[in-house]
Amino acid sequence: MRKVEDYPIEDVFGDEICEGDTYFVFGKDTVLQSNVKQYLIEKQHVQCYEAV
């Protein structure tokens, strides 16, 4: 993980990115760590499963 000073203001869902937050860049999309699952399901149409 790299630390950067000039980071985006918000992610693809409009959530503010604050100092110390972890985020991912998928092409042109920036996604906070807490939103990765939602992003993959809603925007990338990745299927998500839960083992029971």
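Values for this structure:
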| read-out | value |
| --- | --- |
| Accessible area (Å², per residue) of the chain, counting only protein heavy atoms and a probe of 1.4 Å | 90 Å² |
| Relative contact order computed over the chain (Cα-Cα under 8 Å; 6+ residues apart), in percent | 22 percent |
| ³J(HN,Hα), Karplus 6.51/-1.76/1.60, whole Hz, each residue of segment 23-35, x for Gly, Pro | 9, 10, 10, 10, x, 8, 9, 10, 9, 5, 3, 5, 10 |
| Estimated distance in nm for a label pair at PHE13 and GLN33, the labels positioned 7 Å out from Cα along Cα-to-Cβ | 1.5 nm |
| Projected area, mean over directions - the chain, Cα convex hull, nm² | 4.6 nm² |
| HN-Hα J in Hz across segment 4-17 - Karplus 6.51, -1.76, 1.60, θ = phi - 60°, x for Gly and Pro | 10, 8, 9, 9, x, 7, 8, 8, 4, 8, x, 7, 5, 9 |
| Length released on extending from VAL52 to PHE24, taking residue separation times 0.36 nm less the Cα-Cα span | 7.2 nm |
| Accessible carbon and sulfur surface of the chain relative to its total accessible area, %, 1.4 Å | 49 percent |
| Alpha-carbon centroids, segment 5-25 and segment 28-42: separation in whole Å | 11 Å |
| Highest average packing first - 36-43, 19-26, 2-9, Cβ atoms within 10 Å | 36-43, 19-26, 2-9 |
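The values are calculated or read from the model by the stated rules, or taken from the named source; none is laboratory data. Since this is a predicted model, take the numbers as computed values, not measurements. Quick reminder, even Gly has a Cβ in these numbers, built from the backbone with ideal geometry, and neighbours come from all protein chains shown. What goes into the accessible areas is simple: the full protein's heavy atoms, side chains included, and nothing from ligands, DNA or RNA. Shrake-Rupley method; radii C 1.70, N 1.55, O 1.52, S 1.80 Å.
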